[in-house]
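Structure first, then comments.
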Amino acid sequence: QVQLAESGGGLVQAGGSLRLSCVASGRTFSNDAMGWFRQAPGKEREFVASISWSVKRTSYADSVKGRFTISSDNTKNTVYLQMNSLQPEDTAVYYCAADRMSNGPGYDYWGQGTQVTVSS
């Protein structure tokens, strides 16, 4: 069982930055992965970025590549999403997710979400 707690969302002007944090509680495995997703009003949830706990390989959506950076601190069971050059279209609820690889494909645990609002 894994519990995820996001923080760091807020209101920021276009061009600004925010750093989201997600603390994972409970058992995690070396081959697990963590991801960030977002859902804007009226739109479907979309993938933002992911990182593996072990080798820290990363993946990014094209829309955020070069602006967002995902990282993890294994000693704290925490994953971060550094968001720079934020744009109004980045406004969404951002969700932290954990992929338990032993359960097969797909993300198995989800946080409650944190609101990110970018004003123009």
What do you reckon, is ALA33 of a type outside the set (Val, Ile, Thr) and in contact with a Ser or Thr (Cβ under 7 Å, 6 or more places away or on another chain)? yes
Filter segment 37-64 down to residues that are out of contact with any strand residue (DSSP E or B) (no Cβ under 9 Å at 6 or more places or on another chain) and part of a strand (DSSP E or B), then give me how many there are. 0
State whether the residues of segment 13-27 include one that is at pLDDT below 95, closer than 24 Å to VAL55 by Cβ and not in a strand (DSSP E or B). yes
Mind checking which pairs have a first residue in segment 11-22 that is farther than 18 Å from TYR80 by Cα and a second that is polar (S, T, N, Q) and not in a loop (DSSP other than H, G, I, E, B), Cβ under 6 Å, 6 or more apart or different chains? GLN13/SER119
Checking SER85 against (1) in contact (Cβ under 8 Å) with a residue 24 or more places away in the chain; (2) within 15 Å of the chain's Cα centre (by Cα); (3) not in a strand (DSSP E or B), the condition it does not meet: (2)
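Of all residues in segment 49-68, count the ones that are in contact with a Phe, Trp or Tyr (Cβ under 7 Å, 6 or more places away or on another chain) and loosely packed, with under 15 Cβ neighbours inside 10 Å. Please lay out each step first, then the result.
If we filter segment 49-68 for residues that are in contact with a Phe, Trp or Tyr (Cβ under 7 Å, 6 or more places away or on another chain), which is where we start, we get 49, 60-61, 68.
Narrowing the set further to residues that are loosely packed, with under 15 Cβ neighbours inside 10 Å leaves none.
Number of matching residues: 0.
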So, SER71, is that one polar (S, T, N, Q), within 21 Å of SER7 (Cβ to Cβ), free of Cβ contacts under 8 Å to residues at least 40 places away in the same chain and open to solvent by less than 70 Å² (accessible area, probe 1.4 Å) or not? yes
Could you tell me how many of the residues in segment 12-40 are closer than 18 Å to VAL64 by Cα and not charged (D, E, K, R)? 15
Residues to consider are LYS65, LYS56; find the one that is more than 10 Å from the chain's Cα centre (by Cα) and free of Cβ contacts under 8 Å to residues at least 12 places away in the same chain. LYS65
From the residues in segment 86-113 that are within 17 Å of GLY16 (Cα to Cα) and polar (S, T, N, Q), which one is least open to solvent (accessible area, probe 1.4 Å)? THR91
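Go through segment 10-51 and count every residue that is of a type in the set (Gly, Ala, Ser) and touching a Gly at 6+ places or on another chain (Cβ under 8 Å).
Count: 3.
The values are calculated or read from the model by the stated rules, or taken from the named source; none is laboratory data. Just so you know, these numbers come straight off a predicted model, no measurement behind them. Don't worry about glycine lacking a Cβ; one is built from the backbone with ideal geometry, like all the others, and counts go over all protein chains shown. To get the accessible areas, we keep the full protein, side chains included, count just its heavy atoms, and leave off ligands, DNA and RNA. Shrake-Rupley method; radii C 1.70, N 1.55, O 1.52, S 1.80 Å.
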